[in-house]
Amino acid sequence: MHIKSAEFVMSNSDVAKCPKNKLPEYAFIGRSNVGKSSLINMLMQRKSLAKTSGRPGKTQLINHFLINKNWYLVDLPGYGYARVSKKAKKTFQKFITNYFEKRKQLVSAFVLVDCRHEPQPIDLEFMQYLGEGQIPFSIIFTKGDKLKPNALTRNIEAYKTKLLEQWEEIPNYFITSSTNAMGRDELLGYIGEINQS
Ligand code: GTP
Ligand code: MG
């Protein structure tokens, strides 16, 4: 898919205030600091369309970006960030789950996991939650530039083995890097195909 335009539309914490039109949308979710906002910038080839930070907890709201004037990318706050106060954490969880449960325009979620780490319970639980709600999702292994090819393959195989304890089939997945654009064509191609079908 060729990206002709990418514009920030709005940020808010209330799913009822998200854009009202029926354009299809795709949401990025995952632990704080996994690289959700960086991936959006990489896909859109824009340095700072979505705000990124080395410190976890940067994205705190539901952020809509309108792409090619006909679909939305949604950047969400990370989950599992221990340093946010308990009260704030609860609020995040509620508005994030509200988003997934109420947003009819959501076509698919992308659950981002850091390719360097072993499968984390919080990510597996989030995938379970999506599965139970019949919310389609793919997995994105991020920061692919941080591992040598052999280590990357090994980690992904280990992740798949773990997933098979929970799922009958391995969910659709992508491997990306926001520093070298690994996975960009595959991911945009996938979204383009769904949008056309
Ligand atoms: P929150 O908004 O806090 O939940 O984080 P996020 O998931 O949006 O992560 P963000 O995109 O802000 O990136 C977190 C850190 O990881 C930043 O320092 C990025 O530069 C770095 N990072 C993200 N993606 C990659 C990648 O593909 N490769 C490398 N080497 N670093 C990355
Ligand atoms: Mg972010």
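Filter the range 33-48 down to the residues that are of a type in the set (G, A, S) and part of a loop (DSSP other than H, G, I, E, B), then identify the one that is surrounded by the most Cβ atoms within 10 Å (Cβ to Cβ). Can you show your working first?
Filtering the range 33-48 for residues of a type in the set (G, A, S) gives 35, 37-38, 48.
Still in the list and also part of a loop (DSSP other than H, G, I, E, B): 35, 48.
Details: G35: 25, S48: 8.
So, considering only residues that are of a type in the set (G, A, S) and part of a loop (DSSP other than H, G, I, E, B), the one surrounded by the most Cβ atoms within 10 Å (Cβ to Cβ) is G35.
If you filter the range 49-77 down to residues that are charged (D, E, K, R) and within 10 Å of ligand 1 (Cβ to nearest atom), you find that the one that is surrounded by the fewest Cβ atoms within 10 Å (Cβ to Cβ) is R55. Selection of first residues in the range 119-135 that are within 13 Å of P171 (Cβ to Cβ) and of second residues that are hydrophobic (A, V, I, L, M, F, W, C) and in a helix (DSSP H, G or I), restricted to Cβ pairs under 9 Å at least 6 apart or on distinct chains, gives the following pairs, ordered by first then second residue: P119/A158; P119/L163; L124/L163; M127/L163; L130/F100; I135/F100.
Quick note: the coordinates plus some simple rules give every number you see, no bench work behind them. Here the structure is a predicted model, which is why all the values come from computation and not from measurement. Note that we place each Cβ from the backbone using ideal geometry, even for glycine, and neighbour counts take in every protein chain shown.
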